Structures are given as structure tokens and as C-alpha cells.
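Here is the structure we will look at, set down as C-alpha cells.
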């Protein structure tokens, strides 16, 4: 670790102090300042290990509270091993018997070894024996005897584990078998007294923790491999536990971890000799921390990066009541708080914290107890506490200059960071593969997962802690014993209540990991990510997991699902090298993402560093699925409607109430005869009640069945709110939606993220809890009550507003789905701008999803109300061709390349560009069809979005097309060539079938017209054959028809006149020619680059949102040009300020502001002609 890490803030050590210290590496005990001096000389790590090193650094970071401590050095450890003597013959005999005893029984290793070591010590006094050798020599002899077995390649895992276990037991008993040197014991006791004195308490409770050399370093986390002892007090007790920590350097998990590091180093290309040298057992050295015990009421871990995804503008906090070991050890599924580093956004996930660790009622040590029932579903941390933890973690990260993993504790005196260590996985990845987003995994195919959900094969859900998928046999493991290795084979699925470092050998064999409890910073989660093993944690159904033992399952770590049986896995994803894309594939068309999963957004957040990136479509449906309850059901719950229905039914007044509401509805329906002021209005509560009963009675066979469902749904909502940590339906819905949508946007700060309001269809809403009471049956939900026709609920608007304001997602914009009529967009856009006024609406852009033919036929009418379009190709294709896109039978009809769709798509693009608005494309067309990708980019679309798995492919395709330099004038010819080539390919395939014998004069070199004539003739002949009385000939005729239909489609397309189609689209947009449009597009693109430069100058002051549309930028700059005189006055005034400030501390800042104002004026003058041109085009006054 660099000395800079410490000396940044420690400073001030005098040469006098330095001279007095002499050689600190020879000391047995060191304090924080002394460790600081070693840091300056780069000697600290070898002397006190990573944990002590980091404790010393923490004490010198301003604004960070940490516990008092002393370090027992590796020199002290070596003193014990080098000067303590043992009788190898006696000790060997005793240890060999102990190993046999351990293997026969079912014993916990630490307590067994502790007791055996003390038993031997009390029974033997070896000071006068001739055969004594140093303790180190004895252990080295043991190491050499087993070393070849341990490092041998292709060794049976059971034999390897038994050899390692024997070494572990022998070494630990040996270290505990002899009393430590008197001076060492005295120095340790003095160190404990010094900590007591600094805190001001006699017999202070302390934590005794290992700080092995290499542990908690930037290269190896050691993941809690050595022992930690809590609530230790009294000098003699502290001395004993320091010796136990010395011994824990050889515990089984520590040795396994070192072996895994050796294996990893060799696999990464390090020579075996070097790997063994770095992590050799002969090099084990243990330092120990004696640290003030914080009697924590709440404790846990805090990473300065999201440990699952690598998102680095957040702090991830896991917390539980009591001591933090329940979090670190994965004993519970903790609360998780993901907080942005500006403190604005906190995304909360409540964990079922059923166990907590507290001090033993008497004596030393700690114990686990059941969490009091009222605390299990209570948030551990307040928002202020979350921000305070995040602030300390940010300070630590800033000081170290790397991502950090910390542990915190809160007692009645305040907040403390008790440990800190470099985060290893993402730091290493960033160092070795900068700018690369890992995407390659084995996954469950989307269609297979959808089918598994449909048929009920998704058995359990949890937290997907490590992405990817694996299939295998379940082996449920209670604890690690040699027997486990006889039944656990490579590729098996490791399932456990929780894991700890003892499980590491099984992780290296496992195909996937499932843990019943644990958070994203638990051992199971961290180790799975380090080893790139799919993992699902926090399942919280231990009986169901135990029942799976021996069964075949598929673990889907990407979706957090456990699926029954074996599914075929597909190779998915391609690593995204953002630096390569940025340098090699720049595009005028912004290429973005279609996203629904917030975890995917976190993983992909570094795409924001690509200049032409945006999120073209953020779908809300995934978040709605996480909420899982119909929004009207939550409203009814809050309003007490569930209880009221039951009460009305029991009192016999339900029909009367329904009749009264029905009468009101009839009166409102005939408002023209009564007048608005005489109508008795229906309250929201009455409307909910009426829907629940009338719709429910249509679906259930009796009133009793309806009432049972009403009670059951109410109970389900209560449970959902309880386990989610919310008191009301509104709080639950608004917070879940706003937090997660904001996290989406904050993942891509600085880039537009376009949120599409909810577009569930009625059958999808019906599947949510309570949905059965609010969704009437529709024969065709695809074109039914959906999108803007359903309206945007006030809770959704409130959540969106909160995301933009409270949670700082100012790059979040809104898009309206399935708009059918101009009146819909007129009303909805007005309502949104009213509801999202002031801060919530600052810089807000509203888009329409252009996915209904009425929008494509009259785009200018809709553009009057919004800032742009996003072409929803899936529904637009469905609407134009009147084909069900979900129907397998109609897959051949569903065609985004159909000429009608080509014209519609181009008309939408041309119209938006003409109006100075944005226009994007959201659909698989840009990845599946070179025609679509080429057409939209040549036409000048502002953005094209695709799913993450094809992002790189789309980027490369569009870059390649743009490099061809095809102009809009040549677009028709370009499409023509593309369709003719597809025709040629189809004829080539036809040639292979032998169907060319139908008709006459077949040629693979047909022109489009010749091909059409031939295929028409061939189809006629095939049709005649279907009526042949010979059944075989008739069947062959029908088969021939099908094959000919396939080739007929590309032939017909090749016979279209695409230049005419392009011109029709241009005319719809209001252009007389392609040349006129092309000149306008080029002018706009060139001007946008220059505008961006001036906006960078302007945006240093909060005058303008530079992410706004081109038209709005023109309007703003036009106003600046018209007021250039006042700008001159500002320049003149600033020049006077500069003159006055000459020679003062403010001079440079005032001079910089003067230069900024002068630069704005100069650029405004340079752009004046173009700005006036566009202002006139857009009729800007």
C-alpha cells in the first residue's frame, strides 16, 4: 500500500520522534502513529498486516470516527514460533490421536483445537527435554510432509481436503500447545491497558481480530478467513485470544483461501514458483488487532461501489441490529440501502432480519438470539444515518483513491467505521480491463424462462447476487466435513442455509450457489462474484431448499430464480469494451438501450461515458412486477374498501350501496340533461368499491367466493407491505417506483433516460395481486384498454415527480405509450405539464411512442404537443399489418420491412426532424434487420435503441452504414439494392430445393420483374397440382406452395419503387424533395455541434438545460441574440469588476468569468445567421 494513503492526512511526524522510534519493525506492539511511520517506509504491511494498516489510516481521515486500537505485530507472532520449544515426538503422537478423534466425531474445529491445545499445554512441561525443537520448525516439517499432496494437480478433492485438514489441526494445536514468551504476554497486556486508558474505561470490552499479512489488501480480501473474537475483556483473556488468533492463521478456511489464490495466480499466467512464493504456507504471518469494542445497536458493511454491478456513483450498505458479524458472515438477509454519493437517492430493500448477535449475558464472547418480532420488519437505519455512513465511506474512498469495503457500527455515542479494506473484484477488473463491461454468461433463454413461469416451474425467488445460470444436482450442505466431498461433485449446485469461508472448497466445485439467507455483501454473494459462479441468495425458505436435495434444478442468478428441472442454457452476451466503441465506432445517430431491469442498468452504467449514448426506452413494467400489486388494490386498501365490502355484505347493505353508486353513474352519463353543477359526484372510494364488486361477481361463481377473495387479497397486501417495510399502499407504490426509476436514471447521469409510463394490458394487470377485482375481461387486450387510453394514475405521476426532484434524476424524461388520437395527447400532455410544473418540470421532455398508424399518418398533429417521437416498431408493425405479434402462426406476416412500414417509419422521422424535435427507434428491428438499421440512420434519426445483448452489434452496424456516406437522395436506391439482394439470396435457396422445375426458364440471375413472372407461374402450377387425385402429388403441391410463398415475399418487395416510397414520406413531412431535407439535416447536425460548444460555456451558469431539444435550443439562443445589447452591458460591468479586483485573490475568477462572457458573445455572433434561419423556419418570435 502506498505511503501516500497514510501521509496525505497523518503528516507532522518530527525527526525527533523518528529518531526515538529506531527500528519499529522489531517492536511487538504498535500504535496508529507508529504504523504511520512504517507506512512512509513501505514496511507496514509486512509488519502489521492489512487490517491494522487500514485501522491506522482510518484514525487519520478527517470526519471519520473509528475505534481505539493497538496492533500485535507479525514480529510478536514470529517471536512465539521461533522461541517457543516443543517435543516433536510427544506432540506428533498427541496430534495424530486428535486428528483421528476429530474425524470420528462431529466437532467444531475452533473449539476442538482450542481445547486440545490447552489440554496438551497443561499436561506437558518440555523445558528440560533434549528433543525440543522450535515451534516454527515443527510446523514447517508438517507443511513439507503434506505440501506435495496439497499442490498436486488433478488430486482427488476428498484426499486433498483431508490432507489440508490434518495440516490445519496439527499447526493450530501446536501453536496453542505452548505458553507464549513472558515478554510477549506482558506487552499484550500493556497494549490492552493502553486501549482501556484511551477510551477511559477499566476492563474495556475489545474485539480481537486477525490481521494476517496479505489479508484485507488490494490484491486479496481473505474474506474473513482468520478468527475474530468479540466482547473480550481482562488482560489474561485478551492474551489467550491473541494466541488463538495466531493459530487461526492455519485454520482450514485460511489455508483453502491461500490455495485458491495459488490456483488463480497460476491460471492467470503466473509461474507456479511465484504463485507459491506469494501465498506459500511458509510465509504465513499473523498480526492481531486489539480494538475497542463498539457495543453496536446497528452494524453492517458499506461499499463505496455497488458490489454486485460495479456501479460507482453509489454507496451500498447492508445493515442488521446488533453486531455486524451477522451481516459479514451471511447469517441473515440484511436491509440493503443503495445511496447515491450526493445523498439524494436512497433505494431501500428490507431484509427479514430474524437473527441478531449480542453480548453473552455473562462472561466474554457473543451469542446469536432471535430478533424481537417488532424489529424483524423494521428498517435498521434512518435516512440520516444512511447518509452519515455514506459520507464517511466517501471520505475513505477519496483518501485511498480506490473502491473500498468498510464495516460500521452504531452505538449510543455515534457512528464508527471499525474496518476498511480495498474492494477487490471491481478494482481488479478496472485495472486489468479498463472500460470493459463483462456480459458473457450462460443464461436461461427468455422464451424458456417465460415458459417456466407460465407452467409454474419457477420454484423459488431470491436475490440474484451473481449473474449467469447453471443446471445441476442439488447438494444441501449443513457444514463442511470430509464426508461432504464424497457426495459433492464438480458442477453440483451448492445449497445451504448460509456459507462462510469454510465452504470455499465447495465454491470451487459448484456450478451455482443458493443460500437461504444473506445480503449482497455476505460471504456467499462476494465469493460467488469473485469466482463468477451464478448465485441466488436470500431465498428465505429453508424447508423448500432442503426438500430439493438430490433434485435437478436450474439456478438463474441473473433473474434471482430457482427453476425446476434442467433447462438448456445459451451463450449470452458479449463483453462491451466502451473504450473501443468510443474510439472506433463513433456515430451521428445516438445508439442507446431499451431497459427494464434496474440491475442491468447498474451493470451497464459505464456506457454513459460514450458520447452518443442514451437510454431510449425505460419500461416501467419490470418495476410494476416487483411491486406485484394492482395500484387500485393498494388504493382500496388505504381507503379501507376491503373491510367496507365485507361489512356491507355481512349487514345486507351491499346491494343498496351498489344501486346508489349505479344511480350516480347513470346521472353522470346523462350530464347534458342535468348540468354539471347538479350532478352528485362519485368519490374515489365509491368507484373502487363498485368496480371490485361488479367485476368480481363477473368472475366468481358466488358472492361468498368473491368475499373470500376480497379477504385473501387484503391479507396478501398486508403481508406485502409488512415484508417491504412500508405502512401504506401509497407509500409502498410511490417509493418503490420512484426509487427504482430514479436509480435507473442516476445510473446514466448526464445522459437522457426516457421513462415510458405503464403500458400493462388488462390481462397483465389482472395477474397482479388484486387485479382480478379491477380488470374486466377483454377479448383482445393487445388493442384494448391500455396506454394513454387508461390514463396515467396520480401515484405514478407523483413517483415520477419525486424521482426528478427529491432523488435528483433530472435526466429523466417521460414517454406516453399507445396514443391513438390527437385529443388524447392534447389532454395528457397538458395534465403532465400542469402536474410537473416548477422544479419537477425543469428541462422535462415529453415524448410520444409512435406505435399506432394514426400517429404515422399525421405526425405533425402530434408533434405540436410533445418534444419528439420514439418509434415503437413492435406495435406499429402489428397495427399496420393487423397481425398479432404474439401469434406463432402469423410470424411470417409480422414484418418490419414491409413497404408500408418503411414509408410510415420514414414519415415519422422526416416530420420530427422538420419540427426540430427528437425522434428515436425502439425495437428489435435495428438489430435484426440491416434494412431498418440502415434506413433510419441514413434518414437522420436522432437515436436508435436496442437491448443490451445486441448494443455493440447495432453500434457497429450503424457506424458501418454511416461510413458509406449514403445521402437521403440515394436512400431509395440503397433500399432497392438491399431488397434485390435479398431476392437473389432467396432464389439461391430456391435453387437448392429443386422447385425451379416448376414453370420454365428459371434463372438465379432474374431481374425483379422476371422473378415475379416466374414465381407467379410456378405458384399457379403448384396450385393446380394440389387438386391432383394422386394424394402424394397433391401433398407435394401443397408443400411447394409453402416454399414458393417464402420466396414470393422478397421478390414482391424487390419489385417496389422505393424512391417513390421515400418521396411519399418526405411529402407527408412537408418536404418538396430529398435534397431540401438533406440540406436541412446536414445544416442541423453541423449547427448542433457548434451549439453544444456554446452551451458548455452557458451551462456553467444555471441559465439553461443543455439537454433540451434542438428547437428549444434555437429558441433560447434566438432570445440571447435579440438581447445582445444587454449581454454587452454584462461584459462591460464584468470588465470593471476585473479592474477593481486587480492584485486581489478574486482576480483570476473574475477574469475567467469575463472571458466566458466574451466567448459567448463571440460564438453568438458566429452563429447568428444560422440561428435566425432556424428561428424563421420554426416561426419563433
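Of note:
- Distance between the modelled labels on residue 660 and residue 428, one decimal in nanometres: 7.0 nm (7 Å Cα→Cβ projection).
- Computed extension length for residue 854-residue 1128: 93.7 nm, one decimal, from 0.36 nm per residue of separation with the Cα-Cα distance subtracted.
- Sequence-separation-based contact order of the range 660-766, relative, with Cα cut under 8 Å and 6+ spacing, percent: 12
- With each label modelled as a point 7 angstrom along the Cα→C-beta vector, the residue 1162-residue 132 pair spans 8.5 nm.
- Cα gyration tensor shape for the range 540-674, rounded if a/c is under 1.5, else prolate or oblate: oblate
- Angle between the chain longest axis and helix 109-123 axis [Cα atoms, degrees, rounded to 10]: 10
- Crossing angle, helix 1031-1054 versus the chain [Cα axis fit, 0-90 degrees, rounded to tens]: 90
- Taking every alpha-carbon pair in the range 440-503 and binning the separations at 10 Å intervals from zero gives 16, 43, 30, 11, 0 percent.
- Taking 0.36 nm per residue of sequence separation and removing the Cα-Cα distance, the residue 1149/residue 370 pair yields an extension gain of 274.4 nm.
- Anisotropy class assigned to the range 1082-1177 is prolate, per the alpha carbon gyration tensor with a/c at or over the 1.5 cut-off and a/b larger than b/c.
- All-pairs alpha carbon distance profile, the range 62-118, 5 Å steps from 0, percent: 4, 13, 14, 15, 15, 13, 10, 6, 5, 3, 2, 0
- Residue list for the range 166-188, given a label point 7 angstrom along the Cα-to-Cβ vector of residue 97 and an amide N cut-off under 12 Å: none
- If you sort the three axes of the alpha carbon gyration tensor as a ≥ b ≥ c, you get a/c of 1.5 or more for the range 681-824 and a/b no higher than b/c, which makes it oblate.
- Calculated FRET efficiency for the pair residue 889/residue 697, C-beta based, R₀ 45 Å, to 0.05: 0.80
- Of 43, 1046, the sequence from fewest to most neighbouring Cβ atoms within 10 angstrom is 1046, 43.
- Label-to-label distance, residue 481 versus residue 344, with points set 7 angstrom from Cα along the beta-carbon direction: 5.6 nm.
- Note on residue 838/residue 1092: beta-carbon distance plugged into 1/(1 + (r/R0)^6) with R0 of 22 Å gives a FRET efficiency of 0.20.
- Each listed q (0.15, 0.21, 0.24 Å⁻¹) maps to a log10 I(q)/I(0) for the range 307-408, found by the Debye formula over equal Cα scatterers with no solvent: -0.66, -1.09, -1.28.
- Ranked for footprinting exposure by Cβ neighbours inside 10 Å, fewest first, 983, 815 give 983, 815.
- A Förster radius of 22 Å, combined with the Cβ-Cβ distance separating residue 1079 from residue 963, puts the computed FRET efficiency at roughly 0.55.
- Computed from Cα positions, the angle between helix 252-267 and the longest principal axis of the chain comes to roughly 50 degrees.
- Across the range 975-1069, the volume of the C-alpha convex hull divided among the residues equals 94 Å³ per residue.
- Mean separation of Cα contacts under 8 Å, 6 or more apart, over the residue count of the chain: relative contact order %: 7
- Residue-normalised convex hull volume from the C-alpha trace of the range 631-711: 103 Å³ per residue.
- Proxy reagent accessibility, fewest Cβ within 10 Å first, across 968, 952, 436, 1062: 436, 952, 968, 1062
- Note on the range 439-573: semi-axes of the ellipsoid equivalent to its C-alpha gyration tensor, largest first and rounded to whole Å, are 21, 16, 14.
- Note that the chain shows a convex hull volume over its alpha carbon atoms of 248 Å³ per residue.
- The chain - mean residue ellipticity at 222 nm from DSSP helices (-39,500 (n - 2.57) per run, n ≥ 4, rounded to 500): -16000 deg cm²/dmol
- Geometric extent, Cα atoms of the range 860-964 - Rg, Dmax (angstrom): 13.8, 41
Just so you know, all these numbers are worked out from the coordinates, no wet-lab data involved. All values reported here derive from a predicted model rather than from experimental measurement. Backbone-built Cβ (ideal geometry, glycine too); neighbour counts: all protein chains shown.
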